[in-house]
Amino acid sequence: MGVAVVYDSTASSYPDVSLAYTAVNGSLNTVKLTANADYNLSYTIATVWYDTSYFWVVFNQKNITSGLDLAAYIQAVKVTDGSKMYTTPVKVATLNETTGRSYVLAGPTNQTNSSTINVMYRTNTANATYYVVFTTNGTGSVGTPVTLATDGNNITYWPAGTLGSFSTSGVFVGKMDNSTGTLANSTWGYYNGNTTGVQVAGSSMSGYSAPFVGGMNFVSGYYLFEIYASATGGDTAYYLDYYFANQTRNGSAQVSLGTYGNMLQTFQDANGAVWGGYYSTDSNNYGFLVKAYVGKLIAQVNAASILSSFFAFITLMIAALFAF
């Protein structure tokens, strides 16, 4: 199945969010998630994922005139019949923050059939980063926001990712610390509802910002996919890291996936293998796509089989109009 979130203006001139997905039989299904009737309102997609027959979508509603993200909402669509989990999208956070500065992220707390979802966001008004637990049952319910970190003297925090495995759930906060005059970046994990953060091993990498992190199940623990943006505008570095359920490292170090000018994206297939995809572009030819690659990163998340960091990418197509 493939999934894309698009802005739907076919029925009216107002921006709306729709979920478009391709079913196994090849049919294209489109489900409208919002019913907007205000020219001043638009939307930004925060996170999309699949879990046990449903596509979940978290998105921000924003006011174009004021330039503010107003609130974050959640909705789910059943793959088999296109029905929506909730009559209308459920508000999971009030933002009132400059558009693009609330850093909304979300993800399930379990590998499959998760009954709760962690939603993260930041407000500059309070200079704080929060998470809230959304319970999916019934009409959906939103817990009380929990403050994870508050900015201090030359210290800034922001949402950096979520983790959902069979053994461990977590949320991650990025930290930029210039309180001593020497800039230090790091990412901190808050596991299984604990509000005391633990620094992610290797997250203070010289020359890079604090990594954004996403995690899923690996054997009896979990793995983290870590994205390090260059502090000097260079290529982005990507790593895999493996952990036991007690947050101790499963292995001696991160596994480097290399550095790339374009985004490396990952997905897990139905058989439990994790794949990575990457594309290259021609900067001398209007940025047209030249090549696309795919490679298996983890042979099986339910067995101790970690591929070498020097995995072989397979060239999919060499064409300027290929869309990865």
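The values are calculated or read from the model by the stated rules, or taken from the named source; none is laboratory data. Here the structure is a predicted model, which means the values were calculated and not measured. Using ideal geometry, Cβ is built from the backbone for each residue, glycine included, and neighbour counts are taken over all protein chains shown.
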Failed item in (1) part of a strand (DSSP E or B); (2) surrounded by 13 or more Cβ atoms within 10 Å (Cβ to Cβ), with T147 passing the rest: (2)
Pair list, Cβ < 7 Å and 6+ apart or interchain, from segment 38-62 residues that are on the phi > 0 side of the Ramachandran plot to residues that are of a type outside the set (K, R) and surrounded by fewer than 16 Cβ atoms within 10 Å (Cβ to Cβ): T52/T112; T52/N113; S53/T80
Residue within segment 279-292 that is surrounded by 14 or more Cβ atoms within 10 Å (Cβ to Cβ) and within 20 Å of G161 (Cα to Cα) present: no
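Within the group F166, F218, which residue is of a type in the set (F, W, Y), out of contact with any helix residue (DSSP H, G or I) (no Cβ under 6 Å at 6 or more places or on another chain), modelled with pLDDT under 95 and crowded, with 20+ Cβ neighbours inside 10 Å?
Values: F166 fails: crowded, with 20+ Cβ neighbours inside 10 Å.
Going through F166, F218 in turn, just one is of a type in the set (F, W, Y), out of contact with any helix residue (DSSP H, G or I) (no Cβ under 6 Å at 6 or more places or on another chain), modelled with pLDDT under 95 and crowded, with 20+ Cβ neighbours inside 10 Å: F218.
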In segment 1-31, residue surrounded by the fewest Cβ atoms within 10 Å (Cβ to Cβ) [restricted to those that are at pLDDT 75 or above and under 18 Å from A46 (Cβ atoms)]: A20
Of all residues making up segment 107-159, the number that are among the hydroxyl-bearing types (S, T, Y) and under 30 Å from T182 (Cα atoms): 10
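Which count do you get for residues in segment 231-264 that are closer than 20 Å to G207 by Cβ and of a type outside the set (A, V, I, L, M, F, W, C)?
Here the count works out to 15.
Quick check on segment 66-83. Is at least one of its residues touching an Asp or Glu at 6+ places or on another chain (Cβ under 6 Å) and not in a strand (DSSP E or B)?
Kept after step one, since they are touching an Asp or Glu at 6+ places or on another chain (Cβ under 6 Å), are these residues of segment 66-83: 69.
This time we only want the ones that are not in a strand (DSSP E or B), so: none.
Within segment 66-83, none of the residues are touching an Asp or Glu at 6+ places or on another chain (Cβ under 6 Å) and not in a strand (DSSP E or B).
Within segment 278-324, restricting attention to residues that are at pLDDT below 50 and under 22 Å from the mean Cα position of the chain (by Cα), which residue is nearest to V255 (Cα to Cα)?
Pass one, segment 278-324, residues at pLDDT below 50: 304-324.
Still in the list and also under 22 Å from the mean Cα position of the chain (by Cα): 323-324.
Working: A323: 28, F324: 25 Å.
Checking each candidate, the answer is F324.
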